[in-house]
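A short write-up of the structure that comes next.
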Amino acid sequence: MPETTAHPADAVLTAGLCWLYETEQPADAHAQHHGEMLAADGNRTYSFVPVGARKLPVVVVDVARVEWIDNGPNELKTPANPLEPGELEALAAELERRGFPVDGTWNGHPGITGSVGLRRPAHPSQVAAVERYHRGCQDHPARSVFCDCEVWRAGFRRTHPTPAP
Ligand SMILES: [Zn+2]
């Protein structure tokens, strides 16, 4: 086996990609479009979004706890601990190495969030669960996705979460 340097979020990426591509959601579950977020070492979170931009999956890396620099009155605060230069590109390269072709990246250094778009659609049941979410509560159409009835809430509980990394 060739020697490679593991990505710092190796285990989290394995868990998140398994969820996106191999986890089957029940036919009566619905899931928010934000996907699943996992905490990683180094003050990072990784989110796995089944249906993001272009209706394809997106992997998002965020600084978990941002420290802000106060630049004085009337000036925007800037992050003291943004994503590292090259960090988003390294994530995209790691996803490609794992066999998930990348469509593009957004944001990254010097920001506090970065996104990688993937070409391969998520598991069809993941896409279907998000579509059921967007249709909203079928018993109370006026309340849509904001319904709080038991039937609607039970649909969220039936989704299968990310496996623990
Ligand atoms: Zn309802």
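The values are calculated or read from the model by the stated rules, or taken from the named source; none is laboratory data. Note that the structure is a prediction, hence the values are computed from the model and not measured. Neighbour counts run over all protein chains shown; Cβ positions are idealised from the backbone, glycine included. To get the accessible areas, we keep the full protein, side chains included, count just its heavy atoms, and leave off ligands, DNA and RNA. Shrake-Rupley method; radii C 1.70, N 1.55, O 1.52, S 1.80 Å.
Looking only at the range 78-100, which residues are open to solvent by 30 Å² or more (accessible area, probe 1.4 Å) and within 12 Å of V116 (Cα to Cα)?
E87, E89, A90, A93, E96
Has the range 6-13 got any residue that is open to solvent by 20 Å² or more (accessible area, probe 1.4 Å) and part of a strand (DSSP E or B)?
no
Can you go through G108, G72, G52 and tell me which one is of a type in the set (G, A, S) and modelled with pLDDT of 95 or more? Spell out the reasoning first.
Details: G72 fails: modelled with pLDDT of 95 or more; G52 fails: modelled with pLDDT of 95 or more.
That would be G108, the only listed residue that is of a type in the set (G, A, S) and modelled with pLDDT of 95 or more.
Check E89 against each of (1) away from the ligand (no atom under 16 Å from the Cβ); (2) without any contact (Cβ under 8 Å) to a residue 60 or more places away in the chain; (3) outside any helix (DSSP H, G or I) and name the one condition it does not meet.
Only one criterion is unmet by E89, namely (3).
Considering only the range 97-151, state which residues are free of Cβ contacts under 8 Å to residues at least 60 places away in the same chain, more than 9 Å from the ligand (Cβ to nearest atom) and in a loop (DSSP other than H, G, I, E, B).
Once the filter is applied, which keeps residues that are free of Cβ contacts under 8 Å to residues at least 60 places away in the same chain, more than 9 Å from the ligand (Cβ to nearest atom) and in a loop (DSSP other than H, G, I, E, B), the range 97-151 yields G99, P101, G108, H109, P110, G111, I112, A142.
Given the conditions (1) part of a loop (DSSP other than H, G, I, E, B); (2) open to solvent by 30 Å² or more (accessible area, probe 1.4 Å); (3) in contact (Cβ under 8 Å) with a residue 40 or more places away in the chain; (4) not β-branched (V, I, T), which single one is not true for E75?
Every listed condition holds for E75 apart from (3).
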